[in-house]
Amino acid sequence: MIAAVHTDEPRDLRLYRRMRFIRRFEETLLDLFDEGVLNGTTHACIGQEADAVGVIEHLREGDHIFSNHRCHGHYLARTGDALGLMAEIMGKEAGVCAGIGGSQHICAPGFMSNGVQGGIVPTAAGIALAMKLRGADTISVVFIGDGTLGEGAVYETLNIAALWQVPLLIVLENNEWAQSTPVSLNTAGSMAARFEAFGIPVTETTTTDVLEIDRLAQKEVELVRSLNSPRALIVNTYRLCHHSKSDDHRPEAEVAIRWQIEPLVIQRARLSEADWRRVDSEVDEQIAEVVATARALP
C-alpha cells in the first residue's frame with residue numbers, strides 16, 4: 001500500500017509524495033479517458049489533494065471515511081490501493097468492487113463513497129453512532145462539497161448527530177463552484193452558521209497548504225475522538241480541473257491564478273529540487289506499473 005510506504009522519509013517529503021501520487025493517478029485517469037480505455041465519466045480532485053492527505057494523516061485503524069463522487073484522493077490517501085482503484089474504474093474483476101462500483105461508488109473496509117449528493121452523510125453518522133454504542137474509540141469522517149449544502153439529508157443528519165452527540169467530523173471542501181455555478185449564486189448566508197445552528201463547533205480555513213490543513217485536522221480529529229461529539233472543518237480550497245472530465249465554464253484567468261498556489265507548488269517550495277524531482281520520477285514509475293498491470297487484468 002502506497003500510504004504505508006516511505007514512513008521513514010522526512011514529513012515534508014512524505015506529504016509531498018502522497019499528494020503527488022494522487023495527482024498523477026488522476027492525471028493518468030484523464031489521459032486514459034482520452035485514449036478510450038475508460039468509459040462513462042470521472043470526477044478528479046486535482047488541486048485539493050492537501051485536504052485528503054492532511055485530514056486522513058491523523059486517522060486510526062478502525063476509523064471510517066465517507067466520500068462522494070470526487071473520492072479518488074480520499075481513497076488513495078487512506079488505502080494506497082492504486083491498483084484496486086484503477087482496476088475498478090476500468091471495470092475489471094480485480095477492482096476493489098469487482099468493477100461494479102466504478103469511479104464514484106467505492107466500498108472497502110472503513111471506506112465508502114456515494115455519487116449521490118449528500119447521500120453518504122446519514123450513513124457516516126449512522127456508523128459513527130454504531131461504533132459509539134459499541135464503546136469503540138473510533139470516529140467517522142465525511143467529506144462533502146459546497147454544492148452538497150443544498151441537500152436536505154445533510155441538515156437532518158446534522159440535527160441528529162448533534163442531538164445524539166455522534167463522533168462525526170464533517171469536512172466541507174468549499175471549492176467555490178458547484179459544477180459550473182459559483183457559490184454566490186447557489187449558497188445563501190454563512191456556511192459556518194449552518195453547522196453552528198445545530199450546536200456543532202466549526203473551524204474554518206482558507207488554504208491549499210497541506211501543513212496548515214494537517215495542523216487543523218489533527219486538532220479536530222482529536223477533539224471529535226475525545227469529546228465523542230460532532231465537529232465541522234471547512235476548508236476553502238479550489239478545484240483546478242473541470243467538474244467532470246470536460247465540463248468547465250469558469251473564467252480561465254481565475255483558474256490560472258489558482259495554479260500558482262496549488263498544494264504541490266506550495267509543498268515543493270519546502271523541498272530541495274533533487275528531492276522533489278526524485279519523488280516525481282518514482283511516482284511516475286509506480287503509476288505506469290499500476291496502469292500496465294490493470295490493463296492486463298480480465
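Values quoted throughout were computed directly from the atomic coordinates according to the rules given, and no laboratory measurement underlies them. None of the values given here were measured: they were computed from a predicted structure. Please note: Cβ atoms are built from the backbone with ideal geometry, for glycine as well, and neighbour counts cover all protein chains shown.
Here are a few things to note about the model shown:
- Under 13 Å, Cβ to Cβ, from Ile200 - net charge with Lys/Arg +1 and Asp/Glu -1: -1
- Within the listed set Glu204, Glu285, Glu61, the Gaussian network model of the chain (springs between alpha-carbon atoms below 10 Å) gives the highest mean-square fluctuation for Glu61.
- Arranged from fewest to most other beta-carbon atoms within 10 Å of their beta carbon, Leu59, Leu13 become Leu13, Leu59.
- Values of log10 I(q)/I(0), in the order q = 0.30 Å⁻¹, for region 185-241 under a Debye, Cα-only, solvent-free model: -1.20
- For region 147-163 versus region 186-221, the spacing of their alpha-carbon centroids is 15 Å.
- Using C-alpha pairs below 8 Å separated by at least 6 residues, the relative contact order for the chain is 24 percent.
- Measure of compaction for region 149-291 (Cα Rg per 2.2 N^0.38 Å): 1.27
- Rg and Dmax over the alpha-carbon atoms of region 144-184 stand at 12.0, 36 Å.
- Straight-line cross-link partners of Lys132 among the aspartates and glutamates, defined as a Cα under 17 Å from its Cα and at least 8 positions apart when in the same chain: Glu61, Asp63, Glu222.
- Per-selection Rg to Rh, the chain - Cα, Kirkwood hydrodynamic radius: 0.95
- Counting only the Cα atoms, region 10-82 fills a convex hull of 96 Å³ per residue.
- For region 89-146, the fraction of alpha-carbon pairs in successive 5 Å shells from zero, as %: 4, 17, 23, 20, 16, 13, 6, 1
- Cα centroid of region 60-127 to Cα centroid of region 227-298, whole Å: 18 Å
- Listed residues Ser229, Ser67, Ser272, most fluctuating in the chain (Gaussian network, C-alpha, under 10 Å): Ser272
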